[in-house]
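Colleague: The structure follows.
The values are calculated or read from the model by the stated rules, or taken from the named source; none is laboratory data. No experiment lies behind these values; they were computed from the predicted model shown. In this analysis, Cβ positions are derived from the backbone assuming ideal geometry, glycine residues included, and neighbour counts consider all displayed protein chains. Accessible surface is based on the protein model in full, side chains and every heavy atom, while ligands, DNA and RNA are left aside. Shrake-Rupley method; radii C 1.70, N 1.55, O 1.52, S 1.80 Å.
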Amino acid sequence: MFVALGTMVTQAQEIKWMSLNEALEAQKKEAKPIFMDVYTKWCGPCKMLDKNTFHDKEVVKHINANYYAVKFNAEGTEEVTYKGKEYSNPNYVPNRKGRNSAHQFTKLLKLQGYPTMIIFDSKGNVQESIVGYRKPGQLMSALKAK
């Protein structure tokens, strides 16, 4: 039996993730920068970022308040329309274990590693890349330096 002794049990806050297409569309209605987490399924530091940093209360609050948050699989099949051009992953192999083909949009971004967090300005232009795992405090420092 669980008894809360004078503590308030609250539901964990989560980042409100959306697709890149949804975020770009949302920018047309309300100009706001985009925070995009570019990950792969096989990337250990990407999983740590999800588990630790993206569940930190301060990080969640800051990203939800200041950005459209996008989760983008660098080797996924999501079709993206960016600046009038279509991007996909025609070489994706559905049953492949481990690494897969890089998405065309991933190639356009010229990523140096995973995870990479990309900040787009309120007009959808790439502003900055944050490469590699960041602890909550490290990510907050990088985001607040904007």
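Colleague: Can you give me the angle between helix 20-29 and the longest principal axis of the chain, using Cα atoms only, in degrees from 0 to 90, rounded to the nearest 10?
Modeller: Helix 20-29 sits roughly 80 degrees off the main axis of the chain.
Colleague: If you don't mind, another one. If exposed means no more than 16 neighbouring beta carbons inside 10 Å and the site is in a DSSP loop, what's the longest run of the chain without any exposed chymotrypsin sites (Phe, Trp or Tyr not before Pro)?
Modeller: Longest gap between qualifying sites, sites excluded: 93-146.
Colleague: Considering only protein heavy atoms, what per residue accessible area in square angstrom results for the chain with a 1.4 angstrom probe?
Modeller: Here the residues of the chain average 61 Å² of exposed surface.
Colleague: Obtain the radius of gyration and the Kirkwood radius of the chain from its C-alpha atoms and give Rg over Rh.
Modeller: Ratio of gyration radius to Kirkwood radius for the chain: 1.02.
Colleague: If you don't mind, there's one more thing I want to ask. Figure the gain on full extension for LYS107 and LYS85 (residue separation times 0.36 nm, minus the Cα-Cα span) and round it to one decimal in nm.
Modeller: Full extension from LYS107 to LYS85 adds 6.5 nm.
Colleague: Defining a contact as two alpha carbons under 8 Å apart and six or more residues distant in sequence, what relative contact order in percent does the range 70-143 show?
Modeller: After rounding, I find 20 percent.
Colleague: Next question, about the same structure. What accessible area, in Å² to the nearest ten, does a 1.4 Å probe give for HIS62?
Modeller: Using a 1.4 Å probe on the heavy atoms, I get roughly 40 Å².
Colleague: Compute the length gained on full extension between GLU78 and LYS61: take 0.36 nm times their separation in residues and subtract their Cα-Cα distance, giving the result in nm to one decimal.
Modeller: Result for the pair: 3.4 nm of gain on full extension.
Colleague: Related question: Hey, which lysines would be in cross-link range of LYS83, C-alpha to C-alpha under 16 Å, not counting anything within fewer than 8 residues on its own chain?
Modeller: Answer for LYS83, where 16 Å is the Cα cut-off: LYS28, LYS107, LYS123, listed by chain and number.
Colleague: Can you tell me the 0 to 90 degree angle between the C-alpha axis of helix 57-66 and the longest principal axis of the chain, rounded to 10?
Modeller: Roughly 50 degrees, rounded to the nearest 10.
Colleague: Build a GNM of the chain with springs between Cα atoms under 10 Å: which of GLY132, GLY84, GLY113 gets the top mean-square fluctuation?
Modeller: Sorting by GNM fluctuation, first place goes to GLY84.
Colleague: Pick from VAL38, VAL59, VAL126 the residue whose mean-square fluctuation is largest in a GNM of the chain, springs joining Cα atoms under 10 Å.
Modeller: Taking springs between Cα atoms under 10 Å, the residue moving most is VAL126.
Colleague: At a 1.4 Å probe, what is the % contribution of carbon and sulfur to the accessible area of the range 81-146?
Modeller: Reported share for carbon and sulfur atoms: 47 percent.
Colleague: Assign one of three labels to the range 65-146, namely rounded, prolate or oblate, based on the Cα gyration tensor with a ≥ b ≥ c the square roots of its eigenvalues; rounded applies when a/c is under 1.5, prolate when it is not and a/b is larger than b/c, and oblate otherwise.
Modeller: oblate
Colleague: While we're here: With springs connecting C-alpha atoms under 10 Å apart, model the chain as a Gaussian network and identify which of ASN95, ASN52, ASN64 has the largest mean-square fluctuation.
Modeller: ASN95
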